[in-house]
1. Give region B:42-62 a look and list any residue that's assigned to a loop (DSSP other than H, G, I, E, B) and closer than 15 Å to B:E298 by Cβ, or say none.
2. If only one of B:F107, B:F66 is aromatic (F, W, Y), touching a residue at least 24 places away in the same chain (Cβ under 8 Å) and touching a Phe, Trp or Tyr at 6+ places or on another chain (Cβ under 8 Å), which one is it?
3. For the structure I just gave you, tell me whether A:V72 is more than 10 Å from chain B (Cβ to nearest Cβ) and either surrounded by 12 or more Cβ atoms within 10 Å (Cβ to Cβ) or at pLDDT 90 or above (or both).
4. Here's a check for you: in region B:525-537, which residue that is free of Cβ contacts under 8 Å to residues at least 60 places away in the same chain and not hydrophobic (A, V, I, L, M, F, W, C) is nearest to B:K376 (Cα to Cα)?
5. Give me the residue from region A:10-23 that is open to solvent by 60 Å² or more (accessible area, probe 1.4 Å) and within 10 Å of chain B (Cβ to nearest Cβ) and, out of that set, nearest to B:M152 (Cα to Cα).
6. B:F90 passes all but one of (1) surrounded by 15 or more Cβ atoms within 10 Å (Cβ to Cβ); (2) facing chain A (nearest Cβ under 9 Å); which number fails?
Amino acid sequence: MPSEETKERIIKGIELGRTILHYGWIPLIIYIGYTRSNPQPSLIKLISPLHDIRHTCVYLVNIDVLIHFGLV
Amino acid sequence: MASPVPIKVVSPPPPPPSPLHAPSGSAFANLYNRFATWRKALDLPCPGTVENLQKEVKATHLTNFFFDGGRADLSKNLSMNPAFQVSHSFTLGSQTAAPSYNFGAVFADNNLLMQGGIDHEGNLNARFNQGWTPTNVTKVQTQLSSSPGHSMIQVEQDYQGQDYALNVKAVNPSPVDFSGIYIGSYLQSVTKNLALGVEMLYQSQAPGMSELTASYLAKYTSSDKNWIATAQVQPAGIVQATYWQKLSEKLDVAADLQLMAMPQRRDALATLGAKYDLRMATFRAQLDSTGKVSALLEQRFAPTFAFLVSGEIDHFKNAAKVGVGVMIESSNLTPEEMEPLLQLKSVGCDKSKGQPIFSQVSFAVNDGDVVVLQGKSGAGKSTILKCIAHLNLYHGEILYRGKPPQSYGIPLFRTRVLYVPQRPSMLPGTPRDFLVAVSTFHTHRGSAKLAPKDGKPDCSSHKAIEVATSWGFPEELWDRRWSNLSGGEGQRVVLAIAVGLDTAEVLLLDEPTSALDAESSSTVEKRLISDLKSPDTNLKALVWITHSPEQGRRVGTRFLRVSSGGVQEEDVDPGV
């Protein structure tokens, strides 16, 4: 059995690791995904949901209609 | 500490197939080797993991898919290979959960999976899988919450052997007092159809307070893999039995029975469900013994847009739930890139008298796939490859990036989807003549690596020569006549030319290493896989015929078994 002092140190270490993981995990995935993707995506596409909605509209509505109204 | 069996390395070594190096005279090792050989000879299938024991049932039932209220999922595919996706999910108006927002991100390549989700309250869900080999995977799963007592972590190691699956798991292990929950499970195929297993759960809350419980598992898979029955029994009085059957291509049905007969509590729950897979929709319906009837429809209107409706009526409680959702998927890839690289739809091929060699062959090859085709000699594996490359007559549809080969022009298509024969057919001249000839073909000229400087290709420093040299094919042999090359030399040089031209996105390999020794074969495998993964080459997928199951396991990411009735995808669990 480890001594009280070691125990405390281990618990503190776990707490620290937990905090790093909590705040760092998603940024880490985005960093790895962003750097390793092929082709590399643009940052604006990564964040903006607007781009997606327009993209879907293009699929759903006949593209000619969109061109007619000057939306594309 | 003295080991009871002194293990020392003594020459001569035992015959190569022995997995354990037996010192002469070690009865134990001899016995083990004989046992291992005998076990291998039984050729039992891998039973699948314990975690996936009821996978088919769970995928058929809608319990895991049901939702109520409104929800919207917006996901963005930023890259296909490696897969990188971010998503935003919103839920609103559920009877059981508060409105929420969740941001998720996933990154996955062939052996790594990282997934994370964070909600508006700052709770994090994380998953991390690392595959050391396709059958040996480490998984970590955690939930971190700012409110104390809601966090958990689970670390597990998953190993699948030839005919067994082993898993060790620790939930909330504490390095201070070793408290936590530890689970070990083992599932072993005992016949071609039946697998039996045991799961041990050791729970230790505080020093001195621990508990060990065992449960027993059984799984029966029919020979055609169209139905699966499983049972899980805990001696304390809990039984769970499931049955799943694929009634047709479109319809799956599943039943689940849970019984609890403990002194303090007696309970039973039976659930029946069905799933229809239509072309643009999936419909699930379910009925259970607590009087709940539920249904879920997922209708896809476009490849990127789906609409979901769910409903549940609780007849005993006189209550109802309704849910409506949308799923929007977007991608920065062009529609062409979203299509599978290669797609076969009900492809068949007949012998001269109308007798089919094979029929109804349908599968898709995606970016990064190494599809291993297995099957008896004469099942038509080579013919399938020739049909794909348009070297054989077929009926049905073959699409390359969503379009038929004719729309690219057959000669160009054949350079993109390149068939590599097992042996060079009777060719005139030398390999160098052949290389010069193919390099000057108009369709090959686009490749920058060939660019002849003075207008006349000399091919003296061609990439194919470099590749062949790295496979131990001496350069002087390039000027020897084809008829004077041995089987192994011919095979290597044909493959080296295919790799060196680097025009192909898909290589169709017909037993590419059948005439090579183990060492050369391994160098060839490594080169092909590294070219596949490298962004600097055009190679994106391989379709590989091999008669060696070991080679298949080394290189394959997907496995297709060819028989007269078509092809069947073999279930391998990549652990993701």
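1. B:H61, B:L62, listed by residue number.
2. Checking each option against the conditions leaves just B:F107.
3. Answer is yes for this residue.
4. Taking the candidates together, the pick is B:E525.
5. Only one residue fits best here, namely A:R18.
6. B:F90 satisfies every listed condition except (2).
Quick grid of which residues meet (1) under 16 Å from B:V438 (Cβ atoms); (2) open to solvent by 10 Å² or more (accessible area, probe 1.4 Å):
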{"position": "B:K463", "(1), (2)": "yes, yes"}
{"position": "B:R481", "(1), (2)": "no, yes"}
{"position": "B:V494", "(1), (2)": "yes, yes"}
{"position": "B:L509", "(1), (2)": "no, no"}
{"position": "B:T537", "(1), (2)": "no, yes"}
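Conditions tested, residue by residue: (1) closer than 21 Å to B:R558 by Cα; (2) open to solvent by 50 Å² or more (accessible area, probe 1.4 Å).
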residue: B:F65; (1), (2): no, yes
residue: B:S79; (1), (2): yes, no
residue: B:A83; (1), (2): yes, no
residue: B:P99; (1), (2): no, yes
residue: B:N111; (1), (2): yes, yes
residue: B:R127; (1), (2): no, yes
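The values are calculated or read from the model by the stated rules, or taken from the named source; none is laboratory data. This structure is a prediction, so every number in the text was calculated from the model and none was measured. Every residue, glycine as well, gets a Cβ built from its backbone with ideal geometry; the counts of neighbours run over all protein chains shown. Side chains are part of the model used for accessible areas, which takes the heavy atoms of the whole protein and leaves out ligands, DNA and RNA. Shrake-Rupley method; radii C 1.70, N 1.55, O 1.52, S 1.80 Å.
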